[in-house]
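The values are calculated or read from the model by the stated rules, or taken from the named source; none is laboratory data. Not measured: the values here are computed from a predicted model. Cβ sites come from the backbone with ideal geometry, for glycine too, and all protein chains shown count toward neighbours.
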Amino acid sequence: MRHGDKQNNLSRTASHRKALLSNLAIQLITFKRITTTVAKAKALRTFIEPLITKTKKTETKESIMHNHRLVFSYLNDKAAVKELFTVVAPKVAGRPGGYTRIIKLGARIGDNAEIAMIELVDFNEIYGKGISKAAAEEPVKKTRRAGGAKKKADETTEATEETTTAATAEKPAKVAKEKPTKK
């Protein structure tokens, strides 16, 4: 029986699973977005989010070094640890958790496995804060559902008034042009 066993073993031994998750985490830190199976992406999320949280807890120099060593014991890659502490940590400093996003992409052609893209949330330019500078500077319009009908009605009456005034202004000019030609 597997009561209370929440870890997905991914059909691997403990050492193989640790190596797999370590390699996936290194690739995610390096490229900020990777494509893998849904099960591996969910297992990777539970593996990497505590590591990213460790990068934020930096009160003293001793705690910084301690956290570097802890993260290195999981990843075993100096470049990935440096990237995590210098590039990723400052971007996620204000976020209280949820550093990754999993987007399901469908089934793989060969074996019909469910494929997903896992990415670091703060490094995506499409969603969230990184949309664009022009869009970020624009004031956000707050609309109310009840006020929308009045505003649309006012705009339509203004538009009809403009067209009627323009039409009446053009008609006498046409009539004036037509009369001299008949003489």
**OP:** Give the residues of region 1-40 that are more than 19 Å from the chain's Cα centre (by Cα), surrounded by 13 or more Cβ atoms within 10 Å (Cβ to Cβ) and within 15 Å of ASN76 (Cα to Cα), sorted by residue number.
**Re:** ARG17, LYS18, ALA19, LEU20, LEU21, SER22, ASN23, LEU24, ILE26
**OP:** Go through (1) within 22 Å of GLU119 (Cβ to Cβ); (2) in a helix (DSSP H, G or I) and name the single condition ARG69 misses.
**Re:** (1)
Subject >> Matching residues, region 62-103, being charged (D, E, K, R) and either touching a helix residue (DSSP H, G or I) at 6+ places or on another chain (Cβ under 6 Å) or buried (at least 18 other Cβ atoms within 10 Å of the Cβ) (or both) >> reply: ASP77, GLU83, LYS91, ARG101
**OP:** Take region 92-108 and flag every residue that is of a type outside the set (A, V, I, L, M, F, W, C) and in a loop (DSSP other than H, G, I, E, B).
**Re:** GLY94, ARG95, PRO96, GLY97, GLY98, TYR99, ARG108
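So, THR58, is that one part of a loop (DSSP other than H, G, I, E, B), among the β-branched types (Val, Ile, Thr) and either surrounded by fewer than 19 Cβ atoms within 10 Å (Cβ to Cβ) or free of Cβ contacts under 8 Å to residues at least 60 places away in the same chain (or both) or not?
yes
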Subject >> Check on ALA116, more than 19 Å from the chain's Cα centre (by Cα) and either in a strand (DSSP E or B) or at pLDDT 95 or above (or both) >> reply: no
Original post:
Pairs under 8 Å by beta carbon, first residue touching a residue at least 40 places away in the same chain (Cβ under 8 Å) in region 40-51, partner small (Gly, Ala, Ser), six or more apart or different chains?
Top reply: ALA41/ALA116; LEU44/ALA25; ILE48/ALA25; GLU49/GLY97; GLU49/GLY98
Original post:
If you go through region 72-91 one residue at a time, how many are assigned to a helix (DSSP H, G or I) and closer than 28 Å to LEU10 by Cα?
Top reply: 11
